[in-house]
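Written out below as structure tokens is the structure these notes cover.
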Amino acid sequence: ERYRTLAPYIRRALAGETVVFEEHDEGEGGRDVAYEVTYIPQPGSEGGSIVGFHVMRQDITSHKREKKQLIMLSQIDALTGLTNRAGFFQKLESAMQNSTAKGALMAVMYMDIDHFKPVNDTYGHNTGDALLKAFSGRLTHTVRASDTVARLGGDEFTIVMENLSRNEDASAIAAKIVAAMQKPFKLGDVSVSVSTSIGLAFFQGGLLDAEELLKQADMLLYQAKQEGRNTYRAAI
């Protein structure tokens, strides 16, 4: 079985090509070990036909693990631990492609914290950061486990919701988030009361791109702000 896997690389090496590929083995304790393997052809003494090849095999397991971690960290917001802007757009584009392929309903929420600046200005950035973290935690516990919650920056947050049965399901969660944020936040010795405003846009295939869909949600967020904050506005 192992030879069947390696045979194509062996044939290429014996044809005179230097071949580099990745191979996986089971190491101690059943853990997966990754190797970078190089086959280097060896010409005969007359410089003619290939008489064999040299094999270099290097364990790259830790390198791959570090690379995976770096990719993950590059998509994580350092303050809140949520997905960051880069990770959000990657997820949104993937969700929209899936929605188009399957005809599945999805939604994007765009929200911010009402009156966040006064909290930051009155109590300082440390309290402002603590509020962002507490808001993030409450937000994560309010949505479905399958939803992707992201912080775009500042006090702006987004949620990607896939595989919805109907628009009303997302609207119900938006209302639940608005209600959840009305409870005061206890931040050390300080208790602050804020609220949130939400714009909710839907997608079920079509020509919109990720930026345009987010812009729709942003316009609906602006409507919620204009109509008194502490509420949500959903696309019809």
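The values are calculated or read from the model by the stated rules, or taken from the named source; none is laboratory data. What you see is a predicted model, and the numbers here were worked out from it, not measured in a lab. Ideal geometry is used to build each Cβ from the backbone, glycine not excepted, and the neighbour counts take in all protein chains shown. Please note that ligands, DNA and RNA were not included when accessible areas were found on the heavy atoms of the full protein model with its side chains. Shrake-Rupley method; radii C 1.70, N 1.55, O 1.52, S 1.80 Å.
For region 82-191, the solvent-accessible area with a 1.4 angstrom probe is 46 square angstrom per residue.
Quick one: of the DSSP bridges fully inside the chain, what percent are antiparallel, nearest 5?
Roughly 90 percent of the DSSP beta bridges within the chain come out antiparallel.
Between residue 191 and residue 226, the C-beta separation translates, for a Förster distance of 35 Å, into a calculated FRET efficiency of about 0.80.
Simple spin-label model, 7 Å along Cα-to-Cβ: residue 156 to residue 40 in nm? My value for the distance between the label points is 5.3 nm.
Computed about its Cα centre, the charge dipole of region 101-187 is approximately 280 debye, with only Lys, Arg, Asp and Glu carrying charge at their Cβ.
Using a Förster distance of 22 Å, how high is the FRET efficiency between residue 24 and residue 70, based on the Cβ-Cβ distance and rounded to 0.05?
Values: r = 21 Å, r/R0 = 0.93.
FRET efficiency, residue 24 to residue 70: 0.60.
Within 10 Å, count the other beta carbons around each residue, average over each peptide in 94-101, 157-164, 187-194, and list them highest first. Walk me through the intermediate numbers first.
On the way: 94-101: 16.2, 157-164: 22.1, 187-194: 13.8.
Ranking, from highest mean packing down: 157-164, 94-101, 187-194.
Once a ≥ b ≥ c are taken as the square roots of the eigenvalues of the Cα gyration tensor of region 70-117, is the result rounded (a/c under 1.5), prolate (a/b larger than b/c) or oblate (a/b not larger than b/c)?
Details: a/c = 4.20, a/b = 1.38, b/c = 3.03.
Judged from the Cα gyration tensor, region 70-117 comes out oblate (a/c at least 1.5, b/c at or above a/b).
Once the gyration tensor of the Cα atoms in region 83-209 is diagonalised, the equivalent ellipsoid follows with semi-axes of 30, 15, 11 Å, ordered largest first.
Within the set [x] 9; [y] 42; [z] 18, the number that percent of Cα pairs over 33 Å apart takes when calculated for this structure is listed as [y].
Helical content of the chain, expressed as a calculated mean residue ellipticity at 222 nm, amounts to -14000 deg cm²/dmol (DSSP H runs of 4 or more residues, -39,500 (n - 2.57) each, divided by residue number, nearest 500).
Where the centre of each part is set by its Cα atoms, how far does region 59-129 sit from region 1-38, in angstrom? Centre-to-centre distance over Cα atoms comes out at 36 Å.
Could you compute the FRET efficiency for residue 90 and residue 15, with r as their C-beta to C-beta distance and R0 at 45 Å, rounded to 0.05?
Details: r = 40 Å, r/R0 = 0.88.
In this case the efficiency is close to 0.70.
Taking the Cα centre of region 146-225 as reference, the dipole from Cβ charges on Lys and Arg (+1) and Asp and Glu (-1) amounts to some 360 debye.
Taking a point 7 Å out from the Cα of residue 218 in the direction of its Cβ, the residues of region 132-153 whose backbone N falls within less than 14 Å of it are 152-153.
Ordering 210, 116, 13 by Cα displacement along the dipole of the chain toward the positive end leaves 116 in first place; charges were set at the Cβ atoms of Lys, Arg (+1) and Asp, Glu (-1). Within region 1-102, the trypsin sites (Lys or Arg not before Pro) that combine a DSSP coil assignment with at most 16 other C-beta atoms in a 10 angstrom radius are 31. Applying a DSSP loop filter and a limit of 15 other Cβ atoms within 10 Å to the GluC sites (Glu not before Pro) in region 197-236 leaves 227. For region 80-121, backbone nitrogen atoms closer than 18 Å to the point 7 Å from residue 172 Cα along Cα-to-C-beta are found at 105-109.
For the chain, the residue among 143, 180, 130 whose Cα projects farthest onto the positive side of the dipole built from Cβ charges is 180.
Model label points for residue 236 and residue 129, set 7 angstrom from Cα along the Cα-to-Cβ axis, are 4.5 nm apart.
Measuring how big region 1-60 is from its alpha-carbon positions, Rg and Dmax come out at 13.6, 47 Å. Each Lys and Arg Cβ is given +1 and each Asp and Glu Cβ -1; about its Cα centre, region 1-140 then shows a dipole of about 300 debye.
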